[in-house]
Each structure stands twice: as structure tokens, then as C-alpha cells.
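The values are calculated or read from the model by the stated rules, or taken from the named source; none is laboratory data. Note that the structure is a prediction, hence the values are computed from the model and not measured. Glycine gets a Cβ as well: all are built from the backbone with ideal geometry, and neighbour counts include every protein chain shown. Areas reflect the complete protein model, heavy atoms only, side chains present, ligands, DNA and RNA absent. Shrake-Rupley method; radii C 1.70, N 1.55, O 1.52, S 1.80 Å.
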Amino acid sequence: MDFNKEYSEYRDLHARIDGTTQQFMKLDSQLKQQHRQSHKYKTVHNQIVQEYRKIKKSNPNYSQDKIRCEYLHNKLAHIKKLISEYDQQQLHSGPN
């Protein structure tokens, strides 16, 4: 396993996915502030649909990328935990 390679892949995926997530969260927040029957609600709703279509077109693998990002996040977090536990063990066992 090449930790640096996977970490680099994770950072790239996370940056792309996070940007998209933030965009949808902003639109969702706008949508929730509108009355369901209002013109503004329909405009924001249509904008969400258009953004979703644009993402699917520009990155047809978005769902797989998101799953891969979550997998790498969990894997790297696990490795970080193991390293931390090892460091704590070394700290408490003292010099031999």
C-alpha cells in the first residue's frame, strides 16, 4: 500500500466532492426558506436539478468517486488511529 498515493487521491476526491456538496447545501438552504408554491421556490428547485444534471454530465462517476472518498477516509483514519496507538504504547513503555 502506498499511503502517500492514497492520501493524495483522497485529498483530490474530497476537494471535488466537498465543493459540490457545499453548492447543494447552499441551494437546499435557499429552497427551505421559500414557500413551496412560490416562484422563487420553483426557480431554486430548477437550479438544483440543472446543477445535478451538469454534475452527472461532467462527472458520470460522481457516485463512485464519493464512495471511494468515503472508503479512503475510513481507511486512512484507521491507519492514523493505529499509528497513534503505537505512539502511545512507545511513550508509555519508555526507553528499553
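Structural remarks
- Segment 53-86: number of residues that are open to solvent by 80 Å² or more (accessible area, probe 1.4 Å) and farther than 25 Å from Gln23 by Cβ: 7
- Segment 26-51, residues that are open to solvent by 100 Å² or more (accessible area, probe 1.4 Å) and touching a residue at least 12 places away in the same chain (Cβ under 8 Å): none
- Odd one out for Thr21, checked against (1) among the β-branched types (Val, Ile, Thr); (2) over 14 Å from the mean Cα position of the chain (by Cα); (3) loosely packed, with under 13 Cβ neighbours inside 10 Å: (2)
- Of the residues making up segment 14-25, not one is out of contact with any helix residue (DSSP H, G or I) (no Cβ under 8 Å at 6 or more places or on another chain) and touching a residue at least 40 places away in the same chain (Cβ under 8 Å).
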